[in-house]
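Okay, structure first, notes after.
The values are calculated or read from the model by the stated rules, or taken from the named source; none is laboratory data. Treat the numbers as computed from the prediction; the structure is a model and nothing was measured. Neighbour counts are summed over all protein chains in view; Cβ atoms, including those assigned to glycine, are modelled from backbone coordinates with ideal geometry.
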Amino acid sequence: MSSLRTANVARIGETVFDVLVVGGGINGAVTAACLAARGAKVALIDKGDFASFTSQESSNLAWGGIKYMESFEFGLVRKLCMSRNHLIRSYPSTVQEIRFYAVHTRGFRHGLLKLVLGTWLYWLIGNFFTQKPRRLSAATIAREEPIVELTGSDGGFEYSDAYLHDNDARFVFKFIRAALDYGCIAVNYFESLGSKRGDDGVWVTQARDVTSSAEIAIRSRILVNAAGPYVDALNGRAAVRTAHRHVFSKGIHLIVDRLTPNRRVLTFFADDGRLFFVIPMGPRTCIGTTDTRVESPVAHVTDEDRRFVLDNINKRLRLPAPLTPADVIAERCGVRPLAVAAGNGGKRTADWTQLSRKHVVEVDAAARHLSIFGGKLTDCLNVGEEVAEHVRALGVVLPYPDARWYGEPPDEARREFWHQAKLMDLDGMTSPRSSEMLTPRLWRRYGAQAFGLLEDIRRDPSMVEVLIEGAEYLRCEIELAARHEMIVKLDDFLRRRSKIALVVTEDALREAPGLHEACELLFGSAAQDRYDEYFADRDRP
Ligand SMILES: Cc1cc2nc3c(=O)[nH]c(=O)nc-3n(C[C@H](O)[C@H](O)[C@H](O)COP(=O)(O)OP(=O)(O)OC[C@H]3O[C@@H](n4cnc5c(N)ncnc54)[C@H](O)[C@@H]3O)c2cc1C
């Protein structure tokens with residue numbers, strides 16, 4: 001078991017926190033990072049691994065919400081564009097601009113010219129922060145992206161948004177890691193069973209350590225419910241009433257072998273008229289998504305979902321052979337928690353897909369309780385700031401109100417890292433099959449912690465060996481993960497701290513000799529148990 005986790009479990013019941021955050025998805029992670037950096041005494045728990053629910057199932061896009069222009073939600077588009085720009089500026093190596101390459105079919109509900117003008121307006125709303133949009137003729141598309149099926153098309157357009165280079169769950173972990181650095185007591189696999197406010201005004205949350213079934217009471221002056229799709233259920237267990245509630249929209253993605261060598265997002269209008277993406281994911285391609293109303297937070301990919309995505313992609317790309325379910329390397333499936341007024345519940349909404357995707361932070365000042373509804377990864381920095389402001393207004397003193405709680409280390413640190421890496425010829429050590437140089441990759445994943453990796457490699461050059469073929473993870477990275485990333489199960493590492501489980505086939509993983517060594521580094525004497533548990537979970541229907 002991670003010694004960091006063991007230490008935090010021992011401390012979580014000892015004190016009265018200013019704030020307990022329940023839920024370690026993006027909303028909970030930014031809340032904890034912002035409050036802890038500003039000097040509040042914070043604890044965070046998640047019933048699974050950090051980011052193991054909705055925040056690991058997104059399209060990995062930081063986008064300004066171009067599609068909301070169709071419903072004239074220009075205020076939302078402006079806000080999301082500013083959030084996107086802020087993220088790109090703050091995380092230049094993680095959140096990167098990428099071109100969206102869209103194909104238009106004659107007879108679509110909007111003409112090509114109108115859509116092209118829309119991209120220029122989108123660019124303007126986004127303060128011209130990205131590269132200019134471009135109109136594409138059919139001939140240009142045929143030359144630049146020959147994989148695209150052009151029958152019935154009169155051309156297309158190109159515009160920019162951004163994507164998360166290393167995956168959504170890894171991005172969330174950056175905030176969890178930051179929160180830990182600022183003294184937050186964060187514990188994964190720790191479930192809230194319910195909360196009650198005592199006569200002294202202190203919330204007591206009864207929590208269960210999922211790994212041992214031991215129960216601990218956690219005390220806090222303020223309770224923040226960031227349980228994503230479980231916000232309503234958790235509020236029910238704390239007897240908190242809110243003016244909003246969630247409805248759920250299921251979205252799936254399928255990951256297949258790389259379809260095009262170009263680093264851009266291919267964008268289409270699917271048969272249901274929604275935007276549909278072909279997104280680069282390391283050595284693979286991620287395709288999706290769908291938007292189906294469901295009643296439960298727990299959703300699965302159905303045959304119908306798979307068929308919808310594959311049929312749409314087969315119709316819109318010229319592939320050597322149509323993609324079939326056998327080509328799918330991994331699947332992602334999540335529900336978008338959408339905030340609606342509690343009375344309405346979205347049930348009577350005529351167009352389900354037009355429901356607003358804005359976040360709402362609802363404060364019950366008398367109960368000193370906050371609920372975070374809805375939201376997007378793109379808007380995460382605003383959520384952190386907004387919650388901190390509410391917490392301050394509720395009387396918690398934040399002694400460092402201007403502390404910067406997000407972003408990559410300053411340029412001087414990056415330059416120094418590059419210099420040290422160059423002196424030891426780090427990139428000369430990169431396997432020739434690797435798709436990316438080591439220096440930018442390590443910096444992007446670990447920021448200032450990457451200096452420690454250089455030290456490990458100087459001490460022992462075998463630290464630079466790739467342990468799992470096709471996964472681009474070095475021995476020293478797995479050692480770092482074991483020390484600093486609170487890994488309890490193998491899935492935490494393969495699916496969330498890294499994206500190995502999404503890009504390496506299960507058969508290749510089973511056969512990877514390095515996986516056993518990785519388990520030993522991560523779990524010591526429990527290595528075989530964790531290994532067996534991982535594959536047993538995957539075999540379960
Ligand atoms: C298909 C899809 C595509 C998307 N694409 C994008 C995109 O490209 N860009 C974008 O910006 N956004 C996107 N989103 C939206 C975004 O992913 C979500 O809004 C966001 O991840 C929600 O984060 P959250 O923290 O609210 O919820 P979650 O990530 O679900 O976190 C809530 C956490 O609470 C924990 N929890 C629940 N109950 C308890 C309990 N009793 N005790 C302890 N812990 C508990 C859960 O385990 C979970 O980890 C997408 C969403 C989906 C589904």
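Overview of values
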quantity	calculated
Any hit, the range 110-122, residues being modelled with pLDDT of 95 or more and either at positive phi or within 13 Å of the ligand (Cβ to nearest atom) (or both)	no
Any chance Ala43 is within 12 Å of the ligand (Cβ to nearest atom), part of a loop (DSSP other than H, G, I, E, B) and aliphatic (A, V, I, L, M)	no
Residue ranges of helices (runs of 4 or more DSSP H) in the range 378-489 with at least 2 members more than 21 Å from Leu522 (Cα to Cα), more than 16 Å from the ligand (Cβ to nearest atom) and under 23 Å from the mean Cα position of the chain (by Cα)	438-446
Close pairs from the range 496-516: first at negative phi and aliphatic (A, V, I, L, M), partner modelled with pLDDT under 90 and assigned to a helix (DSSP H, G or I), Cβ under 9 Å, at least 6 apart	Ala501/Arg538
First in the range 219-247 and at pLDDT 95 or above, second anywhere and assigned to a strand (DSSP E or B) and of a type in the set (Lys, Arg), Cβ under 6 Å, 6 or more apart	Asp232/Arg245
Tally of residues being in contact (Cβ under 8 Å) with a residue 12 or more places away in the chain, outside any loop (DSSP other than H, G, I, E, B), more than 16 Å from the ligand (Cβ to nearest atom) and out of contact with any helix residue (DSSP H, G or I) (no Cβ under 9 Å at 6 or more places or on another chain) across the range 1-40	2
Those residues of the range 91-122 which are of a type in the set (Phe, Trp, Tyr) and surrounded by fewer than 20 Cβ atoms within 10 Å (Cβ to Cβ), in sequence order	Phe108, Trp120
Every residue from the range 172-205 that is assigned to a strand (DSSP E or B), within 28 Å of Arg530 (Cβ to Cβ) and within 13 Å of the ligand (Cβ to nearest atom)	Ala186, Val187, Phe190, Glu191, Ser192, Leu193
Residues being part of a helix (DSSP H, G or I) and among the β-branched types (Val, Ile, Thr) - total across the range 500-541	2
Only one of Arg241, Arg219 that is more than 30 Å from Glu144 (Cα to Cα) and part of a strand (DSSP E or B)	Arg219
From Gly514, Gly524, Gly452, residue being of a type outside the set (S, T, N, Q) and exposed (fewer than 13 other Cβ atoms within 10 Å of the Cβ)	Gly524
Subset of the range 323-364 [in a loop (DSSP other than H, G, I, E, B) and modelled with pLDDT of 70 or more]	Leu323, Thr324, Val328, Ile329, Ala342, Gly343, Arg357, Lys358, His359
Residue check, Ile88 touching a strand residue (DSSP E or B) at 6+ places or on another chain (Cβ under 8 Å), of a type outside the set (Lys, Arg) and more than 30 Å from Ala413 (Cβ to Cβ)	no
